[in-house]
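Colleague: Questions regarding the structure given below will be posed in turn.
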Amino acid sequence: MRIDELNETQCREILSRASSARLGCSLNDQPYVIPVGIAYEEDYIYVFSTMGQKIKWMRSNPKVCVQIDEIKSQSDWVSVIANGEYQELPEPQFEHERARARTLLQKRHHWWLNAMAERRIRLRDEEIKPLFFRIRVSSVTGLRGTEAE
């Protein structure tokens, strides 16, 4: 197998077509990684969520990373990591950004499912408050694995 680095343009192209990722955050030297639905545009990764551990942690420590994989086989894959900073999009001051996030995320199948599924176990729908946030991407790195020739 051969492993090559991706350039920034290649990394951002992979981000633009991703619909799911793993979000990494930390608090008090304890990492936490969860799957999230995403949409990427320019320098931002948009996410729909509900209140929970990740939001509490990112409010305390806004430095996060997002990891995306495209795996075709054990020797044919790409992996991208985007480092950045969490930014919540509360109403009304971020009304435009929330609308943009919703527009981008709605292009993804079941974009709301991960965020709502866990909460529905414990709460009624009317008790679940939707939350949009974005990650301002500060750097990207990536690798591509291919079959050795």
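A short reminder: the numbers here are calculations on the coordinates, not readings from a lab. All values reported here derive from a predicted model rather than from experimental measurement. When we count neighbours, we look across all protein chains shown, and the Cβ atoms used for this are built from the backbone with ideal geometry, even at glycine.
Colleague: Under unit Cβ charges (Lys, Arg +1; Asp, Glu -1), what dipole magnitude, rounded to 20 debye, does region 1-83 have relative to its Cα centre?
Modeller: Charge dipole, region 1-83, about its Cα centre: 460 debye, nearest 20.
Colleague: Would you work out the relative contact order for the chain, in percent, from Cα pairs under 8 angstrom that are 6 or more residues apart?
Modeller: Answer for the chain is 36 percent.
Colleague: Same structure again: Name the GluC sites (Glu not before Pro) in region 2-100 that are in a loop by DSSP and that have at most 13 other C-beta atoms within 10 Å, would you?
Modeller: Loop-located and lightly packed - E42.
Colleague: Right, here's the next one. Sequence neighbours fewer than 8 away in the same chain don't count; with that in mind, list the lysines whose C-alpha is under 22 Å from K63.
Modeller: The reachable lysines, counting only those whose Cα sits under 22 Å from K63, are K54.
Colleague: What share of all Cα pairs of the chain, in percent, falls into each consecutive 5 Å distance bin?
Modeller: Spelled out per bin, shortest first, that is 2, 9, 18, 20, 20, 14, 8, 4, 2, 1, 0, 0.
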